[in-house]
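To start, the structure itself, in structure tokens.
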Amino acid sequence: MSEALLHVSDLEAAYGAVKVLHGIDFTVNVGDISVVLGANGAGKTTTLRAICGQVHTSGSIAFHGAEIIHEATADIVRRGIAHVPQGRGTFPELSVTDNLEAGAFVRKDSEINDDIEKWLEIFPVLGERRGQLAGSLSGGEQQMLAVARAMMSRPRLLLLDEPSLGLAPIIIEDLFGRLAAINADEGMTMLIVEQNANLALAVASHAYVLEAGTIAISGEPEVLSGDEAVRRAYLGY
Amino acid sequence: MTPRTIVEGSALHRRIQGANWSLSILLVAILPFLVAIPLKPSVFGNSYTIGLGNVNEAIAWAVAVLGLNLLTGFNGQLSLGNSFFVGTGAYLTGALVQTYHWSYLSTLVVVIPVCLAIGLIVGVPALRIQGLYLALVTFGLAAVFPTIVKLDQLDRFTNGSNGLNIESKLLPPDWMPIQGTLDAVRKIPLIGDWTGTESFSSRQSEAIYAYFLVVLIAAASFLLARNLVKSRPGRALIAIRDNEIGAEVSGINLSLYKAGAFGASALLSGIAGTMLAIDKGFVSPDDMGINFAIFLVVGLIVGGSANLKGSLIGGFAVIFVRQWATQTKEVPLLGWELNGPYGQMVLGVLLIGLMFAMPGGIAYGLTRIRARIYRVVPDIHHDGATSG
Amino acid sequence: MFLLAVSIDTDPELLLARVLDGLRFGSGYGALALALVMIYKATGVLNFAQGELALLGIYIAWAFSVGWGWPIIVAVILAIFITATLAAGIERTIIRPFDPSNHLPLVIVTLGLFLAINSFVAVTWTTDLKALPSMFPSGNVFAVGVAHLTWSGLGMFITVFAMLGAVTLLLNRTKIGLAFRAVSSNIESAELVGIKVGQTLQFGWALAAAIGTLAGALLVPELQVLDPNVMLSTLVFAFAGAALGGLDSPKGAVIGGILVGLIRNVVVQSVSFIPSELSVGAAVFVILLVLLVKPSGLFGSSKVVRV
């Protein structure tokens, strides 16, 4: 039994009067890649935003044993949660290296520059464009930059919100390969929200299916892939 | 308490509407006689003067706020330059009356087309300037107006920085039964006592005549605005405000309507300028600058954006709040002495406070209070049959 | 009526005098434009109260120097700290509660501030004309006929560029500068890397107020008059400078301000058919022209977005 890094229980979230999450429970274990699947409007993005303190929530979010539900986003980031939001989430007017430096904003150590070089090597395409403004990169490059930017904070948990959105299939495959590599090499725990279920399940160690604000099914990816209903609803075969 | 439900067009609804209208008209008719001899209430050691001049000024401001409301409230183009149009109207009236001896009312024949034209001219470049940039350009327009008035070349018409004193008096026509009405008002129990016992001086009679003139002009302006807002073009203006791209792909001609909104706004503002000239008999360049333009925004927000009644409330709020603050010389109980342009400070604070507390303005607040007392619902059984 | 014959003064000494005046006033406009740009860059809001915040600072400096007899430099430094603190307080209390992405209510709040601060100054110090001493020695560096470069003019020019240098270094070489640039680029992502957005914007307001106060303290002695309306036309010139340089470029603000100063003192005064009273009009014309032809100005970035 591995150690739980993030434990969410009875999480509710609302935008004004509209309730989006109706009390969900799930756990992300250290070293795992957990995947949340679901249709549009199921509350996937809201789940990630709730963990980061960006929406009004109630319930419990325990990170590394500490309750973080009422903390400000900036403090949650300092605890070691990095979030790659939907639609890239880079700083378009800043250069690639400045983006990475901003990613390390919460760090005070002296290895920031070394880390920047490290991630520019891991994503060589960024290394070639280090002085370029992030807004001038292609969609795939921006997504790589967003991931590298998030990793710059040396997080213990990486949240990714639909990283495949708007990217060409070949780029998506490359991206998920790199995510799996980061998980293996750095031991990085990840929580990925996706609509592209096939790819997500291929890298996942645990999966949840979110439906209308509640968790409908959860289990090992092989189990979910085998489930007739899940296959038809989310995998399309 | 649950609000009482009243069916639209029912006898009760019609009776409430009728009572509202009769009371309003009665109030409008009697009001000038009550304040023609200025009231001088004293509150907490501060003495205040409320005269007919303030009422006339407030009505003129209501029309100016209405002009801004069409452009900013209904069409979403933030203008900080409507003082330019008001000033143009005021100076045109002033110069035509003073230099060319026109009658006050006849100057509208010039003011209306000129202000409409200036509004359209400003509106055309504004088409390409979005959002806050438009506020910036119009802010500049407001800053420029006093410098144009002060140009040596225009001195002959505007009297430069000294301001233009319009010497022509606004004599009430002989057929106006001012003294007779005053006698009648005095017979009303309780209220009649306010008006004192003296006859009106010629100045007070002039103010009463001016009052009825501005009321008529204001009524026409509000009627015009109401019809515009409720018509097809009015809905187009609102659609552009709410979603410009959506409006455009629905076939609304953006250029036409946005420039038109500027034109209509300038037209009403110019009329308000004429009303101010009628009321004060004096126009000064430094009164028509940026502060004037921002006071109009205060009126718009305090009264209620995109709300016609709100413009009326806003105009009165600006004038009377300023008057109240300026005349308050001592803070009650604390005994602090006040001196200087406190009116402007209070309006500034009021603007910020309203943005927090009641972004919909006073008109919106009143609607909510009324909704707690009674609620008018459409008659679903006679849909269409009861309209009109 | 108007005589529409174009004649341009070409007396070289007079021209030099006007160029020097233009540079002097223009650097003052550029400094205030820099304050406007700091707020616009960070928040996307045009701060119509920026000139009045500077006005308050100028009167505070006047009170310390003329009223209490302190050295003018000390008075200005104190005034800078006081207005910066005040601006930080304003940001915290009446700006931060509003949604930062909805600009219209924020602009209306700055209009309320404009009225309130302007009348606060008039109430506290009356509307009587005053004079603020210059921070620089009197006298000329050189003089050629009517043209002369004063020490204060030179000092102003140098101070403004030093200020621009300091702001540029702050933005590009410090952590708070990085936070500032990140917030102005993408508020949500800034939050997600752990930047405290509210505090960063508060810093922006304080910095802008400090820059504005210094701009006023440089410019008002040159205008040789201090009354509660002194920053009104100055604000229009500064807006023109900021628009010309590009509303999000600090370098553009200073250069744009200087260009506007040159337009005001050289172009308007040399061309006979433009009445010199219309210099504010010339500034508005510059704003209009820039927004119509090239809204990003000379140095501004049109938002770089590639999908």
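Rounded to 0.05, the FRET efficiency of the B:Ser255 and B:Leu223 pair, given R0 = 35 Å and the Cβ-Cβ distance, is 0.80. From a point 7 Å beyond the Cα of B:Ser47 in the direction of its Cβ, which residues of the stretch B:298-341 have a backbone N at a distance under 16 Å? Answer for the stretch B:298-341: B:327-330.
For the residue pairs C:Lys41/C:Lys251; B:Lys150/C:Lys130; B:Lys329/C:Lys130; B:Lys280/B:Lys329, alpha carbon separations beyond 19 Å are given by B:Lys150/C:Lys130; B:Lys329/C:Lys130; B:Lys280/B:Lys329. Among the lysines, which have Cα under 26 Å from the Cα of B:Lys187 when same-chain residues fewer than 8 positions away are ignored? Once the sequence-local lysines are set aside, what remains near B:Lys187 is B:Lys40. Mind jotting down a quarter of the surface of the convex hull over the alpha carbons of the stretch B:244-341, in square nanometres, one decimal? Taking a quarter of the hull surface, the average projection is 9.3 nm².
With viscosity set to 1.306 mPa s and temperature to 10 °C, compute the Stokes-Einstein D of chain A, Rh being the Kirkwood radius across alpha carbon pairs; µm²/s, no decimals.
Reported coefficient: 88 µm²/s.
When the P(r) of the stretch C:138-258 is calculated, the portion above 26 Å amounts to 34% of the C-alpha pairs. Excluding same-chain residues fewer than 8 positions from A:Lys118, which lysines have a Cα within less than 23 Å of its Cα? Partners within reach: A:Lys108, C:Lys175.
In nm², what is the average projected area of the convex hull enclosing the Cα atoms of chain C? Orientation-averaged projected area of the Cα hull: 18.1 nm².
Legend: mean number of C-beta atoms from other chains within 10 angstrom of residue C-beta atoms, peptide B:290-302, equals 3.
Using a Förster distance of 22 angstrom, determine the FRET efficiency expected from the C-beta separation of A:Glu3 and A:Ala180, and round it to 0.05.
On the way: r = 21 Å, r/R0 = 0.95.
According to the calculation, E is roughly 0.60.
For the options B:Leu134, B:Leu23, B:Leu351, a Gaussian network treatment of chain B with springs between C-alpha atoms closer than 10 Å singles out B:Leu23 as fluctuating the most.
Among the GluC sites (Glu not before Pro) found in the stretch B:185-249, those both in a DSSP coil and sparsely packed, with 14 or fewer other Cβ atoms within 10 Å of their Cβ, are B:Glu198. Shape class for chain B, computed from the alpha carbon gyration tensor (a ≥ b ≥ c): rounded, with a/c under 1.5. Using the Cβ of A:Asp98 as centre and a radius below 11 Å, the other residues enclosed give a net charge of +1, where K and R count +1 and D and E count -1. For chain B, a Gaussian network of Cα nodes joined below 10 Å ranks B:Val86, B:Val377, B:Val302 by mean-square fluctuation, and the top entry is B:Val377. Computed over chain C with a Gaussian network model linking Cα atoms closer than 10 Å, the most mobile of C:Leu56, C:Leu164, C:Leu288 is C:Leu288. Based on every Cα atom in the stretch C:1-152, Rg and the maximum pairwise Cα distance Dmax equal 19.9, 57 Å.
The antiparallel fraction among DSSP beta bridges confined to chain B stands at about 60%.
The packing ranking, built from the mean of other Cβ atoms within 10 Å per residue, places the peptides B:34-44, B:71-81 in the order B:71-81, B:34-44, highest first. Using the alpha carbons alone, the radius of gyration of the stretch A:122-237 stands to its Kirkwood radius in an Rg to Rh ratio of 1.00. From the Cα gyration tensor of the protein assembly as shown, with a ≥ b ≥ c the square roots of its eigenvalues, which class applies: rounded if a/c is under 1.5, or else prolate if a/b is larger than b/c, or else oblate? Note, shape of the protein assembly as shown comes out oblate.
For B:Val7 and B:Arg232, the FRET efficiency from 1/(1 + (r/R0)^6), where r spans their Cβ atoms and R0 equals 25 Å, is about 0.35.
Computed from label points 7 Å out along Cα-Cβ, the spacing between C:Ile274 and B:Arg156 is 2.6 nm. In this simple spin-label approximation, B:Leu127 and B:Thr99 carry label points 7 Å from Cα along the Cα→Cβ vector, and these lie 3.3 nm apart. Can you work out the base-10 log of I(q)/I(0) for the stretch A:88-154 at q = 0.18, 0.19, 0.26 1/Å, using the Debye formula on its C-alpha atoms alone? Taken in order of the listed q values, log10 I(q)/I(0) reads -0.53, -0.59, -1.12. Taking every residue in C:95-102 and counting other chain Cβ atoms within 10 Å of its Cβ, the average works out to 1.
Label separation (C:Ile73 vs C:Phe161): 2.0 nm, computed from points 7 Å beyond Cα along the C-beta direction. Only aspartates and glutamates eight or more places from A:Lys44 in sequence, or on another chain, were considered; those with a Cα closer than 19 Å are A:Asp10, A:Glu12, A:Asp25, A:Asp32, A:Asp161, A:Glu162, A:Glu194, A:Glu211, A:Glu220, C:Glu188.
No lab work stands behind these numbers, since they all come straight from the coordinates. Since the model is a prediction, treat every value here as computed from it, not as a measurement. Reconstructed Cβ throughout: ideal geometry from the backbone, glycine too, with neighbour counts over all protein chains shown.
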